[in-house]
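Remarks on the structure that follows.
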Amino acid sequence: MSMATTSFTKKSLGHETAEPAVTPPPASGGTTFVKKPKLGAAKSKKREIPEGLWTKCPKCTTMVFDKELDENLKVCTHCQYHFPIGARERIHSLVETCTFEQMDADMSSVDVLNFTGAASYTSKLEKYQQSTGLKDAVITGIGKIGEHRLALGVMDFSFLGGSMGSVVGEKLTRLIESATAKGLPIILISTSGGARMYEGMFSLMQMAKTCGALAYHAQARLPYISVLTDPTMAGVMASFAGIGDLILAEPGAMIGFAGPRVIKDTTQAELPPGFQTAEFLLEHGLIDAIVSRKDMKTQLIDYLNYLTANQKQPAAA
Ligand SMILES: [Zn+2]
């Protein structure tokens, strides 16, 4: 039986009463949320234990009430751990109500290589389309964030690990091209294990295709903000996700090309602590800022205000 970390244990010991509660080191803002849920959770634990209502935080191991987690954009109220969030929820959290017009919603992958491993690619596609309700691993469209009309692409890790195949690449490319034609900024929110191996070269060429489209977008002097979420790896990080005018990341996100084990085996060297985390990459200059999910919308609006400020002025002059 684990007496765990409840404050009751400490109080009964008496001599530790001077200690200021059991506050975890939160590091970032929004700390006012920390205390309340903890008390609530401890109290109600005994009464309501129905399955599926609580989720254990993988970072601080606290049981978090699912409803509370949803209301907090899937961020742990105790330690600020950012749980994975679906593309739809994320769009909902950012875009102004009723402004999002989805593009290419029905585009779906074709098994060009007749790929069969443990299971055929076709059967995998069907399985994930059913379980996620998505056609592929990205949702793209035009919508408004604050006053800014923009092109938004959001990846979803729950569809085949957010892998980039021909559909993800094509949808993003069309989105970028449409943004260039309409003179709109782009925000791409990534989460991906990399290229989709079931599509071989068709998958790899999406790296060049998306970057090519972004080059034209940049030539038109339009801003592109790349947001990296946990995890953004391999072919996605090595293409469109890595070349934003501004590159943001969520706290604790794993970001890299090859995984740490591969690098360790190849270099035969001990990896530094925190290797490939957003915090490590910020310190080493690969990304520009770490933005928590709760602040993401307001921060994006601030950045867009800044990035589009001198666009409007010459036009008016
Ligand atoms: Zn936590």
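Of the helices (runs of 4 or more DSSP H) lying entirely inside region 212-317, the ones with 3 or more residues being open to solvent by 80 Å² or more (accessible area, probe 1.4 Å) and farther than 21 Å from residue 193 by Cα are found at 293-316.
Looking at (1) in a strand (DSSP E or B); (2) within 20 Å of the chain's Cα centre (by Cα), which is the only condition residue 135 fails? It is condition (1) that residue 135 fails. For region 143-168, which residues satisfy the criterion of being open to solvent by 10 Å² or more (accessible area, probe 1.4 Å) and assigned to a strand (DSSP E or B)? Answer for region 143-168, where residues must be open to solvent by 10 Å² or more (accessible area, probe 1.4 Å) and assigned to a strand (DSSP E or B): 144, 148, 149. The set of residues in region 55-104 being among the hydroxyl-bearing types (Ser, Thr, Tyr) and near the ligand (Cβ under 9 Å from one of its atoms) consists of 61, 62, 77, 81.
Considering region 61-110, and only residues there that are open to solvent by less than 20 Å² (accessible area, probe 1.4 Å) and assigned to a helix (DSSP H, G or I), the residue that is nearest to residue 149 (Cα to Cα) turns out to be 94. The C-beta contact set for region 53-69 (first residue among the aliphatic types (A, V, I, L, M), second residue within 7 Å of the ligand (Cβ to nearest atom), distance under 8 angstrom, 6+ apart or interchain) comprises 63/57; 64/57; 64/76; 64/78; 69/76. Within region 113-133, residues that are in contact (Cβ under 8 Å) with a residue 12 or more places away in the chain and farther than 10 Å from residue 198 by Cα sit with their Cβ atoms under 7 Å from residues that are of a type in the set (Gly, Ala, Ser) and surrounded by 12 or more Cβ atoms within 10 Å (Cβ to Cβ), at 6+ positions apart or across chains, in these pairs: 125/109; 132/158. Would you be able to say whether some residue in region 130-138 is over 18 Å from residue 230 (Cα atoms), among the β-branched types (Val, Ile, Thr), away from the ligand (no atom under 16 Å from the Cβ) and surrounded by 15 or more Cβ atoms within 10 Å (Cβ to Cβ)? Within region 130-138, one or more residues are over 18 Å from residue 230 (Cα atoms), among the β-branched types (Val, Ile, Thr), away from the ligand (no atom under 16 Å from the Cβ) and surrounded by 15 or more Cβ atoms within 10 Å (Cβ to Cβ). Inspection of region 118-128 finds no residue satisfying the criterion of being open to solvent by less than 10 Å² (accessible area, probe 1.4 Å), away from the ligand (no atom under 16 Å from the Cβ), assigned to a loop (DSSP other than H, G, I, E, B) and aliphatic (A, V, I, L, M).
The values are calculated or read from the model by the stated rules, or taken from the named source; none is laboratory data. These numbers were taken from a predicted model, which means no experiment stands behind them. Positions of Cβ are generated from backbone atoms using ideal geometry, with glycine treated the same way; all protein chains shown enter the neighbour counts. Just so you know, the surface numbers come from the protein's heavy atoms only, side chains and all, with ligands and any DNA or RNA stripped out. Shrake-Rupley method; radii C 1.70, N 1.55, O 1.52, S 1.80 Å.
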